[in-house]
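The values are calculated or read from the model by the stated rules, or taken from the named source; none is laboratory data. If you're wondering where the values come from, they're calculated on a predicted model, not measured in any experiment. Every residue, glycine as well, gets a Cβ built from its backbone with ideal geometry; the counts of neighbours run over all protein chains shown. Please note that ligands, DNA and RNA were not included when accessible areas were found on the heavy atoms of the full protein model with its side chains. Shrake-Rupley method; radii C 1.70, N 1.55, O 1.52, S 1.80 Å.
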Protein chains: 2
Amino acid sequence: MSDTPARLLKLLSLLQTPREWPGGELAERLDVSPRTIRRDIDRLRDLGYPVEASRGSVGGYRLVAGAAMPPLLLDDEEAVAIAVGLRAGAGHAIEGVEEASVRALAKLEQVLPSRLRRRVSALQNATVPLTRGDGSTIDPRTLTTLASAATGRERLRFAYRSGDGTRSKRQVEPYRLVSTGQRWYLVAYDVGREDWRTFRVDRVGEPYATGARFTPRPLPVEGPGSDASGGTGSDAGSGDAAAFLARSMRRMQPELRLDVRFDAPAEFVTARLPAHLGTPEPDGEGGCRLRASCADSLEWVALRLALVDCAFSVQGPPQLVAYLEGLGARLTRAAAGAGREPRQGAGPEQG
Amino acid sequence: MSDTPARLLKLLSLLQTPREWPGGELAERLDVSPRTIRRDIDRLRDLGYPVEASRGSVGGYRLVAGAAMPPLLLDDEEAVAIAVGLRAGAGHAIEGVEEASVRALAKLEQVLPSRLRRRVSALQNATVPLTRGDGSTIDPRTLTTLASAATGRERLRFAYRSGDGTRSKRQVEPYRLVSTGQRWYLVAYDVGREDWRTFRVDRVGEPYATGARFTPRPLPVEGPGSDASGGTGSDAGSGDAAAFLARSMRRMQPELRLDVRFDAPAEFVTARLPAHLGTPEPDGEGGCRLRASCADSLEWVALRLALVDCAFSVQGPPQLVAYLEGLGARLTRAAAGAGREPRQGAGPEQG
DNA sequence: ACCATCAGGTCATGATCTGACCTAATGGCC
DNA sequence: GGCCATTAGGTCAGATCATGACCTGATGGT
């Protein structure tokens, strides 16, 4: 409790509170002399954590932004908040940081005390997921298990339910998690099939790491047997995995072939659409047209389109048209009920 | 670089990677003898960080969940992912952890290196906010500035735009941030007005901490002048602030008086609605009715209602009815355009 | 002008850390 | 069952380091 490293950690934790700490107060809190505090501050600075000091009678120390991230010392509630936030984000993650987000979540959940874990899952259950209905909501626990196994180079076993409904048990050497828009895929070497495969994470059931470690094989670049000439050893493989996924997706049937016309300029629409849906082409004066393929759920696509906040018109696919029709009718009926008792099946009516 | 505390931090950071580390490898990485590694592991355990060891030929060390949160050592991408996730969540935060979420964000942004900060704001801009249109989107920077000032007991100056449009400059002693559903409020002592006020955060402009520290005053409990008999000194004031906000809200006009009937059982609807919107009462067979007041934005409420995924009917307020009408018409038109070239103003038509 | 704060030097003492030995126990693999 | 790699921990000598007590200076707000 009273040795130097512990004190340094405590000091770091105190300094992370966004306020100024006079040296005397720190000395009192940590039960050492002010001189030692000054020395500790020096040490932190040597370690690369920039402690800023303001002199004068209301001066004090404060940790500011530096070149590297200092260790984050979170209290219970903050840890829970981050875990909940990341889990909520895991489904429809912010583009560009999906993988990192899952890595961070895995890191956090690895060390999250069990009482906090209970609070997290309780809050998680109380939260209404934004996308639902097509049954492909992703279990964050599955995601973190896969992510841990991939970075920890541990073999995985899981049950897989493929697109046509057949079930199988797999044992794989996980390579990397990749997300496209709303969906997650695992690129892995299937030990049983003796080949590389991509798995949709929402079709993975009950994954667990066997504990057996493996040395990662090089991901085939194009054809089998081409040279994956010595990588830097660090993780330059994320792009590879994404490319591999893209190639294997090309062979699969994309689930939705979008064709939408917007009554708004292309840049307006682009700014309001997720990037992986593609970019619309100008079409006519003041309009644009989006043709793209995606594997996202119907509800989610419909929601994104509605949020673009301009008139639009869907050419295809038919399921999307049908869904929008249904949703539009439901909303119109909801609005039409105003002023009198609601009744099912009341037709639309306008004032 | 090579002294003990730094090595311990590095060790912690290595152990947080979700994989097993043999002692020898750690010794090599940290450039000390294996014996020292064992001693360091012991030290970490003494500090309360439970390091689990598996013996045997494929054994190794791994940090597991313990009683307290260990310092989180994030790499750049993970830090960015968390920051982006929390900022995205700041607008429509998960219920129950809003304040903690903002505290965590403030803590993180305080030490986030500037190059990462740029990446965060770039990603933030690329993201389409889920709610827009009523101009009340919240700037996460404002939120974290206020949170930092509140926990750091620093005075704040900002420009305020009140409900009727009048602008004023305020200097306050911030007490606490409170969120209700989608909106954020600051409970603070207004130095100029010499009284307690609540401010809507989205109406706060250009806040900055003056640097002047203050000693927090007790928040009046009911009437002015009642005794707030010595609190525990710690932060038991979160509930107080919420209660204070609720009292001062009661005097204000709530913005939306919802009255919605759902064609689904009350428990079905409750599970799919955010809690702060209130709970619906059973109404007729298999239906229920929700009467509640809220200060959320129109678009957001409409979205939540649509996501309940059952037929419903809105009695009021009129703005909501009008908005749903417009949205429903837009979606119906979007669906009706299928199969032929879209044309503006084409009336709805069904097959 | 005064005071509180940060910044840093020096010194003696005592604690602590490290590496090099050693032995014991455990679990997986052949 | 035997072998091997791993964790676990004891002991010892020497070097290193941390601490508190003193000091002087600089800075900035009141």
Open item on the list: Looking only at the stretch A:9-32, filter to residues that are among the small types (G, A, S) and more than 10 Å from chain B (Cβ to nearest Cβ); which one of those is nearest to DNA strand C (Cβ to nearest atom)?
Closed with: A:G23
Open item on the list: I need every pair where a residue in the stretch B:199-219 that is more than 13 Å from B:P174 (Cα to Cα) and in the same structural domain as B:L177 (by TED's automatic domain parsing) has its Cβ under 7 Å from the Cβ of a residue that is at pLDDT below 75 and of a type in the set (G, A, S), sequence separation at least 6 or different chains.
Closed with: B:D202/B:S136
TODO: Search the stretch A:113-124 for residues that are at the interface with another protein chain (Cβ under 9 Å from one of its Cβ atoms) and pair each with any residue that is part of a helix (DSSP H, G or I) and among the acidic types (D, E) when their beta-carbon atoms are under 7 Å apart and the residues are at least 6 apart or on different chains.
DONE: A:L116/A:D76
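Quick one: is A:A6 within 11 Å of chain B (Cβ to nearest Cβ) and within 12 Å of DNA strand C (Cβ to nearest atom)?
Yes, satisfied.
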Open item on the list: Criterion first (among the charged types (D, E, K, R), at pLDDT below 85 and open to solvent by 30 Å² or more (accessible area, probe 1.4 Å)) does B:D164 satisfy it?
Closed with: yes
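Given the residues B:R7, B:R35, which is the only one that is without any contact (Cβ under 8 Å) to a residue 24 or more places away in the chain and among the basic types (K, R)? Reasoning before the result, please.
Numbers: B:R7 fails: without any contact (Cβ under 8 Å) to a residue 24 or more places away in the chain.
Just a single option satisfies the conditions, and that option is B:R35.
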Open item on the list: It is to be established whether one or more residues within the stretch B:77-97 are modelled with pLDDT of 75 or more, facing another protein chain (nearest Cβ under 7 Å) and at positive phi.
Closed with: no
Task: Filter result (within 16 Å of DNA strand C (Cβ to nearest atom) and more than 7 Å from chain A (Cβ to nearest Cβ)) within the stretch B:50-63 - done: B:V51, B:E52, B:A53, B:S54, B:R55, B:G56, B:S57, B:G59, B:G60, B:Y61, B:R62
